[in-house]
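Presented below is the structure to which this report refers.
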């Protein structure tokens, strides 16, 4: 097969491996510090290991892709990376939508509860005022001399 494609050199493989290793260590550090939600941590660790294996298995991928009919394997990997990023973006959009809905519902529940508290405090204030007025009236009646009527 006559293709202008040149396989990855050893120097490039070492550089890609080093960058991939740094990426994986960064992800593991973020997981350890709980900066990445556990739900997504395993995904990023798998991505890190996958990218780490690319420079080691690039010849196998190239041969396989040439047999399938891909003349320029880096273009295929670029396509896969783009599709992966779109899937991650879609997942993040779903998560954001879910969180916005939960936030909206929580804010509405808080507003309802605050209104209920205001109403109960108002009723409690009226009841306390009535009890205070009743107690004051009783004190006035008991303190008045016999025969006088209260106005």
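The values are calculated or read from the model by the stated rules, or taken from the named source; none is laboratory data. Quick caveat: nothing in here was measured; it's all calculated off a predicted structure. All Cβ positions, glycine included, derive from the backbone under ideal geometry; neighbour counts span all protein chains shown.
So the values come out like this:
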{"read-out": "Selection count, the range 1-21, where residues are part of a helix (DSSP H, G or I) and surrounded by 15 or more Cβ atoms within 10 Å (Cβ to Cβ)", "value": "4"}
{"read-out": "Residue in the range 1-12 that is touching a helix residue (DSSP H, G or I) at 6+ places or on another chain (Cβ under 7 Å) and modelled with pLDDT of 85 or more present", "value": "no"}
{"read-out": "In the range 66-78, the residues that are without any contact (Cβ under 8 Å) to a residue 12 or more places away in the chain and over 15 Å from residue 51 (Cα atoms)", "value": "67, 68, 69, 70, 75"}
{"read-out": "Subset of the range 22-70 that is surrounded by 13 or more Cβ atoms within 10 Å (Cβ to Cβ) and outside any helix (DSSP H, G or I) - its residue that is modelled with the lowest pLDDT", "value": "36"}
